[in-house]
1. Taking amide H atoms as placed 1.01 Å from N in the peptide plane, list the residues 5 or more away in sequence, or in a different chain, whose amide H sits under 5 Å from that of ALA45.
2. What is the extension gain from THR80 to ARG36, computed as 0.36 nm multiplied by their sequence separation minus the C-alpha to C-alpha distance, in nm to one decimal?
3. With θ taken as phi - 60° and the coefficients 6.51, -1.76 and 1.60, list the Karplus ³J(HN,Hα) couplings across region 45-52 in order, rounded to whole Hz; mark glycine and proline as x.
4. Going toward the positive end of the dipole of the chain, with +1 on Lys and Arg Cβ and -1 on Asp and Glu Cβ, which of PRO11, VAL28, ALA45 do you reach last?
5. Using a 1.4 Å probe over the heavy atoms of the protein chains, calculate the carbon and sulfur portion of the accessible area of the chain as a whole percent.
6. So what does the Cα-only Debye profile of region 8-85 read at q = 0.15, 0.20, 0.21, 0.25 Å⁻¹, as log10 I(q)/I(0), no solvent term?
Amino acid sequence: MTDFLDTEGAPPPPSGATVRAYGPYEVVRINLRVAREPYRGVVRAHYDSPDGRRAYRLTLWPRPDAAPNGWYWWDAVRMTRRDYRRPQS
């Protein structure tokens with residue numbers, strides 16, 4: 001991740017959009033920067049926009065009570081992603 005390259009916030013999904021929620025055993029972690037501060041985010045949901053972009057609803061750590069939790073556009077340059085979802089059996 002490039003130093004001080006902030007992610008871009010996304011709007012909430014438009015009405016009628018398909019939102020895919022993640023369950024407790026589907027842990028996808030994304031590292032990102034917001035306002036030049038590093039955060040680790042856990043994906044709560046995602047939606048795909050008509051132009052092909054994906055937005056993730058993230059709960060951010062280290063301080064979820066004070067962190068800018070919300071929707072962020074996925075960007076492979078500005079974010080790193082680790083997928084810890086359990087395989088389907």
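1. HN-HN under 5 Å from ALA45: TYR22, ARG57.
2. Extra length from THR80 to ARG36 when fully extended: 14.3 nm.
3. Result, ordered by residue: 6, 8, 9, 10, 7, x, 8, x Hz.
4. After comparing all options, I get VAL28.
5. Of all accessible area on the chain, carbon and sulfur atoms account for 50 percent.
6. -0.48, -0.87, -0.95, -1.30
The values are calculated or read from the model by the stated rules, or taken from the named source; none is laboratory data. Predicted model only: the values in this text are computed from it and were never measured. So basically every Cβ, Gly included, is an ideal-geometry build from the backbone, and we count neighbours across all protein chains shown. The protein model used for the area step is the full one, side chains on, heavy atoms only, and it has no ligands, DNA or RNA in it. Shrake-Rupley method; radii C 1.70, N 1.55, O 1.52, S 1.80 Å.
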